[in-house]
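What follows is one structure encoded as structure tokens, with my remarks underneath.
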Amino acid sequence: MNNKAILEKANAAVSNGDNEGFLSFCTEDTKWTFVGDKTLEGKQAVREYMAIEYLEPPKFKVEHLIAEDDFVTAIGTISLQDKSGKLVDYSYSDTWRFRDGKMAELKAFVIELSSK
């Protein structure tokens with residue numbers, strides 16, 4: 001399976017509420033950097049983040065998926081339920097670095113879309 005297909009399969013798992021299925025596509029030392037916000041180091045940190053942030057499975061709309069060498073960039077929108085139960089829409093650009101067929105690193109730019 002190529003890196004693009006791996007990411008699509010991982011995103012399908014998380015969209016179906018299968019966080020562990022998603023994490024099976026990540027390396028143990030995966031590193032997620034949310035630019036301007038936080039960095040998560042290791043699969044357990046990501047697992048804890050997902051348990052808090054993905055109260056309901058996220059809804060992705062991928063507009064572009066671009067792959068080159070060990071990198072795949074996904075650009076699109078994601079909708080997440082906040083703690084009050086309201087659905088919040090974000091625009092995102094995720095660049096994933098793969099190592100040995102697994103997602104080793106994420107650099108994410110995520111911006112909340114204005115309701116105006």
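The values are calculated or read from the model by the stated rules, or taken from the named source; none is laboratory data. This structure is a prediction, so every number in the text was calculated from the model and none was measured. Positions of Cβ are generated from backbone atoms using ideal geometry, with glycine treated the same way; all protein chains shown enter the neighbour counts.
The table for this structure:
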| item | result |
| --- | --- |
| Any hit, the stretch 27-37, residues being without any contact (Cβ under 8 Å) to a residue 60 or more places away in the chain, closer than 19 Å to Ile111 by Cα and of a type in the set (A, V, I, L, M) | no |
| Flag if Val72 is touching a residue at least 40 places away in the same chain (Cβ under 8 Å), out of contact with any Ser or Thr (no Cβ under 6 Å at 6 or more places or on another chain) and surrounded by 16 or more Cβ atoms within 10 Å (Cβ to Cβ) | yes |
| Filtered residues of the stretch 38-51 (kept if in contact (Cβ under 8 Å) with a residue 24 or more places away in the chain and crowded, with 16+ Cβ neighbours inside 10 Å) | Met50 |
| Condition check for Leu65: closer than 22 Å to Thr27 by Cα, in contact with a strand residue (DSSP E or B) (Cβ under 7 Å, 6 or more places away or on another chain) and hydrophobic (A, V, I, L, M, F, W, C) | yes |
| Residue in the stretch 87-97 that is within 15 Å of Glu8 (Cβ to Cβ), touching a residue at least 12 places away in the same chain (Cβ under 8 Å) and not aromatic (Phe, Trp, Tyr) present | yes |
| Filter pass, Glu53 being at pLDDT below 95 and over 15 Å from Glu8 (Cβ atoms) | yes |
| Within the stretch 86-116, considering residues that are over 25 Å from Asp70 (Cα atoms) and acidic (Asp, Glu), the one surrounded by the fewest Cβ atoms within 10 Å (Cβ to Cβ) | Glu112 |
| Contacts under 9 angstrom Cβ, first residue in the stretch 52-67 being touching a residue at least 40 places away in the same chain (Cβ under 8 Å), partner exposed (fewer than 13 other Cβ atoms within 10 Å of the Cβ) and in a strand (DSSP E or B), 6 or more apart | Lys59/Leu87 |
| Any hit, the stretch 1-16, residues being in contact with a helix residue (DSSP H, G or I) (Cβ under 8 Å, 6 or more places away or on another chain) and part of a strand (DSSP E or B) | no |
